[in-house]
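Below is one structure, written out as structure tokens; comments come after it.
The values are calculated or read from the model by the stated rules, or taken from the named source; none is laboratory data. Please read all numbers here as calculations on a predicted model, not as lab measurements. When we count neighbours, we look across all protein chains shown, and the Cβ atoms used for this are built from the backbone with ideal geometry, even at glycine. Only protein heavy atoms, including side chains, enter the accessible area calculation; ligands, DNA and RNA are left aside. Shrake-Rupley method; radii C 1.70, N 1.55, O 1.52, S 1.80 Å.
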Amino acid sequence: MNKIPHIDLNWVTPDSPSIPDNFRQHLNLPDIVLQTLMRRGFNNASAALSFIDPSKYYPTPSTELPDLAKGIERVADAIRAGKTIGIWGDFDVDGQTATSVLVSTLRHIGAKVVFHIPVRDVESHGIKIDRLQSFLDSGVNILITCDTGITAHEPISYAQSRGIDVIVTDHHLLPDVLPPAYALINPRRLPFDHPLSSLPGVGVAYKFSESLLEQFNAGAFASSMHDLVALGAIADLADLYGDTRYLVQMGLNHIRSTPRPSIAAILRAAEIEQTRFSEEHVSFALAPRLNAVGRLADANPMVDFLLSENQDVILPTVNQVEELNARRKILCDQVFNGALACLQRDRSLLDQPILIMDHPDWPAGVVGIVASRLVEMFHRPVILLVSSPGQPMRGSARSVTGIDITAALGQNQKLLLSFGGHPMAAGMSLLPDNYAAFKRGMSRSVAQQASLYQVSNDLVIDSWVSPASFSLELVKSFDLLAPFGPGNPPLLFADHSLSIVDTTPVGKMKEHLQVFVEDLAGNQTKLIWWNGSRLPLPEGKFDLAYTVHASNYRGQEGVQFEWVDFRQTNESTFTEVQSKHKKITNHDYRGSERSLVDLNRLLTEEDCLVWSEGTFDSIINSVKRSELHPSQKLILWSTPPSLELVEIIIHKVKPSNIYWFLQTPLEHNLTNFTRILARIIKSGINQQQHEFDLENIAAQTALYSSIIELGLKWLASEGHITVTPISSMVFEVKMGGMKDNQTCQIHKQALLRSFDELRAFSTFLKRVDLDSLNLNLG
């Protein structure tokens, strides 16, 4: 029987930034914590403190969410008139907690409220009109959705036709055409760098509730629901920045100090010490339990359970939850082991860019969970399907960052009976006769996206250090950076030239592996390798990537190490960013409140070369990237789109002094970019220009050529233009074309990801300590 192969990742280690004295003095933290804060964009003590300590963070007003004020006014009027408010939720943890937040709020202010959460086996996700009809017939006067609704055109139109206004609170991707709801409250309508933009469904429900409570002079009640927000946000893998991070921090603190009776009962059942409660306990204990109810049974009773203080309600429900969770674990283990057995029999399945497997006996309720586990192991999208004889195949997909799995399904929709989802997760059904063609089509679609958007398997190492060097006190200091999750990953360490001393399978199914390793000095360390018992071990000397955290097993404090990845020592995939540039004096004008005045003064007093690209309100005398020439003094007026361009600019100019302004061009906003790009193309064609150089447009817009190419392809998929590549950097463009909705969605999501990366780099460059910025100028 073939072994499952080890998947090689590209290990990358950024250079460690130097720590300014004032940063060190104000925070008084270990260097590795300070360096991590700086690498993640916090280069002053005030910003770092607001990240570490939620009491130093200023929450964003709820009313910055589009349509929220309108929705609040409508609901408040209905409550005062004695109308019944109907809440329509979803069965996952985000949906359960969002529903609970809205129901708790409305009950607190004395409103009449009813709610419904779809039963998975009967209704699936979303709003089905037949069930909606009976729900509205129960006397609902106003309908509020939570964690759903943004694509529910037909159900919302039906409700509105009955004179029932619909307020949508949701966080999922916006469709091309928004549904005709009375109010559409969705953080994706905000700029991508807005502090509310990463709110999950429960976060949107909370901000709505927060504002509604203030209308009824009950604002203090909002903080009692922070714990529910934390559960939903962590379970839904929300990006932990801005208000989302703040609400999760507050919620975890709430659970550690005074957990509500329902959560306290789950903690006891799961044998979790409440004072040490963390985001990991949500991810690996609470969320799976609550999700088990939604996947295998009916999640409606969970709302009253979560809000109850009655032990006669709580204790029987906890027992039911534990039974369902035990069943879920058994089913997941069976499916997981079955999937690994398939891979051992046919390792060629891993030759494809997407892993697709099926089995007639896999339970539909857990294949998505197992798919997520396989994504973590094999670093590629995974689809698992149930192939019951005589029935359509039904399955779940999970993806990796950079691959929009729903868009890939859309490219193959002719082979499907139904599909739907998000960039990272989806569901589908198809006839067995189409299965072979479906696998081929999905492999092509995923490979196309991976090639077009340069998806990579980078593993970023924070520091190379021996496990033997960690003290419990140092490891505890890492908790200041928590909660960890999307947007704020845990610290990842690595060590050279280790060898395996012993291994022991552990866990009920012997699915995990306890590994003892030894370094060159003879120090031995015990690690846990989750789900590693059936994966290949390194041979001879190897480098190890691992995480570390404080543990408290059975009341005994200690340090736990977790195996992440390995590579044989003789491999040379390690990349380290090195600084090679000569000494440059940096002048920081990034926070100037009178930047134009400072610029004009410098131009009057100094002989400076000004680099500026993109569109600004004021016109200045400057050069673009193709016009650069040596100068002792360089002014960076606009924000470069990448570190590579920063290095090119400095390499060409060879300055001894750099004046950093880093103003944001209009084109660094996606809406502005597409408008300006269309204007550039139209203007060129009007002047009989038909060939467009990507690099020239990139220099006009302060972007890089791959974004320009994506922009042109998106305009073409919208039917505005037709593009034909002449070379890798030159395209022929004609006005008019055919709209392709599926391709349009792929390019739109790729643009969103590119502008997310642009925002992250821009934030980094505007915060980083300039003297510690390491550039390769060789």
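Using only DSSP helix segments of four residues or longer, with each worth -39500 (n - 2.57), what per-residue ellipticity at 222 nm results for the chain after dividing by its residue count and rounding to 500?
It comes out at -12500 deg cm²/dmol, rounded to the nearest 500.
Could you pull out the pairs from K476/K508; K682/K748; K56/K748; K633/K766 whose alpha carbons sit more than 26 Å apart here?
Those over the limit are K476/K508; K56/K748.
Report the label-to-label distance for A760 and R440 in nanometres (one decimal), using points 7 Å from each Cα along the Cα→Cβ vector.
3.6 nm
Please report the carbon-and-sulfur percent of the accessible area for the stretch 623-778; probe 1.4 Å, protein heavy atoms only, DNA, RNA and ligands left out.
Carbon and sulfur atoms account for 51 percent of the accessible area of the stretch 623-778.
Report the FRET efficiency, 1/(1 + (r/R0)^6), for R601 and N621, where r is their Cβ-Cβ distance and R0 is 22 Å, rounded to 0.05.
0.90
By the scheme Lys and Arg +1, Asp and Glu -1, what is the net charge of all other residues having a beta-carbon under 13 Å from that of K112?
So the environment of K112 carries a net charge of +3.
From a point 7 Å beyond the Cα of A468 in the direction of its Cβ, which residues of the stretch 521-559 have a backbone N at a distance under 18 Å?
521-527, 541-546, 559
When the chain is fully extended, how far beyond the present Cα-Cα distance does H26 get from T275, taking 0.36 nm per residue of separation?
86.9 nm
Residues with amide H under 5 Å of I635's amide H, sequence separation 5 or more or different chain, H placed in the peptide plane at 1.01 Å from N; which?
Placed amide hydrogens put L609, V610, W611, Y659 under 5 Å from I635.
Restricting the calculation to Cα positions, tell me the Rg (one decimal) and the Dmax (whole number) of the stretch 261-416 in Å.
Expressed in Å, the Cα Rg and Dmax of the stretch 261-416 come to 18.2, 55.
Need one word for the chain: rounded, prolate or oblate. Basis is the Cα gyration tensor (sqrt eigenvalues a ≥ b ≥ c); a/c below 1.5 gives rounded, then a/b vs b/c decides.
Rounded shape, in that the Cα axes give a/c under 1.5.
Looking at the chain, send over the antiparallel percent of its DSSP beta bridges, to the nearest 5.
Looking only at bridges with both residues in the chain, the antiparallel portion is about 55 percent.
Around V382, with a cut-off of 10 angstrom between Cβ atoms, what is the net charge of the other residues, counting Lys and Arg +1 and Asp and Glu -1?
Result for the neighbourhood of V382: +2.
Short version: ³J(HN,Hα) in whole Hz for each residue of the stretch 377-389, in order, from phi by Karplus 6.51 cos²θ - 1.76 cosθ + 1.60 (θ = phi - 60°), x for Gly and Pro, what are they?
Calculated HN-Hα couplings, in order: 6, 10, 6, 7, x, 9, 10, 10, 10, 9, 10, 5, x Hz.
Hey, rough spin-label estimate for A341 and K734, points 7 angstrom out along Cα→Cβ, what's it come to in nanometres?
The two pseudo-label positions are separated by 5.8 nm.
Just to be sure I understand the model, the point goes 7 Å from the Cα along the line to the Cβ. What's the resulting L752 to F516 distance in nm?
Using points 7 Å along Cα→Cβ, the separation is 5.0 nm.
If you count only protein heavy atoms with a 1.4 Å probe, what accessible area per residue comes out for the chain, rounded to a whole Å²?
Normalised by residue count, the accessible surface of the chain is 44 Å².
Given DSSP loops and a limit of at most 14 other Cβ atoms within 10 Å, what is the longest stretch of the chain that contains no such GluC sites (Glu not before Pro)?
Formally, the longest exposed-site-free interval is 1-270.
Report the local net charge at A264: Lys and Arg +1, Asp and Glu -1, summed over other residues whose C-beta lies under 15 Å from its C-beta.
Surrounding charge for A264 is 0.
Fully extended, how many nm does the chain gain between K476 and S388 (0.36 nm per residue separation, minus their Cα-Cα distance)?
That works out to 26.7 nm of additional length.
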